[in-house]
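K.L.:
Please read through the structure below; I'll follow up with questions.
The values are calculated or read from the model by the stated rules, or taken from the named source; none is laboratory data. Source: prediction; values computed, not measured. Neighbour counts run over all protein chains shown; Cβ positions are idealised from the backbone, glycine included.
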Amino acid sequence: MAELTTLESLLEMGFDRNRAERAVASTGNQGIEQAMDWLMAHENDPDIDEPYVPPVGNVLGEAADTQTSTEQPTREDPAEGTAEGDGSFIEDEENKQPMTEEEKREQVKRLEELMRVKQAERRERERAEEVEREKQRRRQGQELQQIRQKIQDDEMKKLAEMRRREKMEDKMARQRVKDKIARDREERAQKFGGGAAPSTATSSQPNLPSPSSPTSQGPPPSKKEYDESRIQVRLLDGSTITTAFKAQEPLAAVRVYIQMNSNTPEGQDFTLLSPYPRHVYTEQDMEKPLKELGLVPSAVLVVTKK
């Protein structure tokens, strides 16, 4: 049975002539399968339907021209073949008969079946490629999520470490204040205890006139200068705490002592006042020394909610 050429087969299958010619030229006229593969691979090219013009100097075109020129004497000059006396060309021409319509339909049917197989293979290949791309996309998404999670964990660790350092520094600062207050209290207690005994002994004796000069009157005694103050603080729950401060210390020192040694909730603000005469101390008073506020040598302060 005679076979259709590649170009004729493509035209019989319904392909556009321009596309068919382009496929045949692009594949070097190597067969119907290569031409159909090229058409399926390039069916979405933007220039697929542009008029095909073979490029000048095309190797395939030159080969085709050479082949055509080689075949022309054999096909077009039967006299030469007769002169040679072999008669091969005449036999080929006699044996090559045109295809019947039935044969054409059979060949087109085989080519269409081949094309369906090729298309099925192509769809399967594209499906496999799409699955692989989806797997790659998911792997990249997971890697990106892991990177983001690691960055977030590192930020949380840094924040936790910063908070821990801040708490530790605050705790150390409070401890330093406590230690300083404790040392100051011990120093005041030692000074106050050393000077209190003579004063107590003197106050226990009655004020008797001097036997040597009962009627003599000297200059009035000078006012005693106190360098310490004994402060008694009445807390919110009714309990009291007592300690000694230097006369030149600010009232803020008493406030800090109350914060560190009372049961006042941390962070709760409060106000100090003197009951007799009643006086509420302001923030400006906190910077003034106890002596200037009249809280020397002793005083009673009351803690009230602000």
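K.L.:
Looking at region 160-189 only, could you name the residues that are among the aliphatic types (A, V, I, L, M) and more than 21 Å from residue 253 (Cβ to Cβ)?
P.N.:
Those that are among the aliphatic types (A, V, I, L, M) and more than 21 Å from residue 253 (Cβ to Cβ): 160, 162, 168.
K.L.:
Next question. Can you list residue pairs whose Cβ atoms sit under 7 Å apart, with the first residue in region 115-135 being touching a residue at least 40 places away in the same chain (Cβ under 8 Å) and the second being surrounded by 10 or more Cβ atoms within 10 Å (Cβ to Cβ) and part of a helix (DSSP H, G or I)? Count only pairs 6 or more apart in sequence or on different chains.
P.N.:
115/36; 118/36; 118/37; 118/40; 119/40; 122/40
K.L.:
Conditions first: (1) modelled with pLDDT of 75 or more; (2) within 29 Å of residue 41 (Cβ to Cβ). Residue 102 passes all but one, so which condition is the exception?
P.N.:
Failing condition for residue 102: (2).
K.L.:
Out of 247, 253, report the one residue that is closer than 15 Å to residue 188 by Cβ, over 49 Å from the mean Cα position of the chain (by Cα) and hydrophobic (A, V, I, L, M, F, W, C).
P.N.:
247
K.L.:
In region 27-48, what residues are crowded, with 17+ Cβ neighbours inside 10 Å and either part of a helix (DSSP H, G or I) or β-branched (Val, Ile, Thr) (or both)?
P.N.:
27, 32, 35, 36, 37, 38, 39
K.L.:
Residue check, residue 282 against (1) at pLDDT 90 or above; (2) under 50 Å from the mean Cα position of the chain (by Cα); (3) not in a loop (DSSP other than H, G, I, E, B), all met but one. Which one?
P.N.:
It is condition (3) that residue 282 fails.
K.L.:
Scan region 121-166 for residues that are among the β-branched types (Val, Ile, Thr) and more than 30 Å from residue 36 (Cα to Cα) and jot them down. Please lay out each step first, then the result.
P.N.:
First pass over region 121-166, keeping only residues among the β-branched types (Val, Ile, Thr): 131, 147, 151.
Listed by number, the residues that qualify are 147, 151.
K.L.:
Still on this structure: Could you please tell me which pairs satisfy a Cβ distance under 6 Å, a separation of 6+ or placement on different chains, a first residue in region 18-45 that is under 16 Å from residue 118 (Cβ atoms), and a second residue that is polar (S, T, N, Q) and surrounded by 19 or more Cβ atoms within 10 Å (Cβ to Cβ)?
P.N.:
Within 6 Å, the pairs are 32/6; 32/9; 34/27; 35/6; 35/27; 38/27.
K.L.:
Right, here's the next one. Could you list all residues from region 143-176 that are within 10 Å of the chain's Cα centre (by Cα) and basic (Lys, Arg)?
P.N.:
148, 150
K.L.:
Is one or more of the residues making up region 121-137 at pLDDT below 90, loosely packed, with under 10 Cβ neighbours inside 10 Å and assigned to a helix (DSSP H, G or I)?
P.N.:
No: zero hits.
K.L.:
Follow-up question, since we're still on this one. On the given criteria, is residue 111 at pLDDT below 90 and hydrophobic (A, V, I, L, M, F, W, C)?
P.N.:
Judged against the criteria, residue 111 is a match.
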